[in-house]
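Structure, as structure tokens:
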Amino acid sequence: MNTNSRRRILLKALFAAGLLEGVGLSGLIGRALANGNDPVAAGLRNFRGAVTINGQTARVGMLIKAGDTVVTGHDSEAIFVIGQDAFLQRDNSSVIFGDAASGFFRIVTGKLLSVFGKGPKKLIVSTATIGIRGTGCYIEASPEQTYFCLCYGEAEIIPVAAPEQREVIATTHHDHPLTISHDAAKGSIMTAAPVINHTDAELTLLENLVGRQTPFYGKGYKY
């Protein structure tokens, strides 16, 4: 696919996702697409509202490294790249990124859409540990429960309250969203959930930032 075709696809995705506003986004689009399949530079690529990195006010281009904490305030949002991975962190969210060797990050609270390159990663939330590899996923985390949609790829979910209910899931297109709770008294603490609060357009944007396409590219958007 040539650069112009990629540009049209991503611009449509951006319009559909409502992401054509905010600080520095025109530059983000240019860096994502001008060089065809080349990924954009790592770091904070776009944000709006109140965003901090380790307590410092965010600036476009700031790197996010092992041990860093990204916090978004009310009505705020941040888009950033770390290596082969890209993230869209929504409002009222706090995420801590661990060291590169262990490949983990902890969602303290809030909402995060992520796409990952090759290699294992570990997502830690209040109610579960989730092992993933080369996937796209969306998480909404609170102390009481976690919403997890494996948009595509494979994941191992180990609930904190009932590790014996460990489950390995594989999906191609938002096939098995779950709510993971702390209440083991209800039997299964992983229950089916609908697809909420994230779109294929947003996943397309994130994958383009790291020089990739979603596995469902060309099959039409459903969400």
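Observations, loosely collected:
- Each residue of the range 196-203 was assigned a 3J(HN,Hα) from its phi angle through the Karplus expression (A = 6.51, B = -1.76, C = 1.60, θ = phi - 60°), giving 9, 6, 8, 10, 5, 4, 5, 5 Hz with x at Gly and Pro.
- Here the mean projected area of the convex hull built on the C-alpha positions of the range 47-197 is 8.5 nm².
- Built from the Cα atoms of the range 138-196, the convex hull projects on average onto 3.7 nm², one quarter of its surface area.
The numbers here are math on the coordinates, done by the rules we state, and not lab data. Here the structure is a predicted model, which means the values were calculated and not measured.
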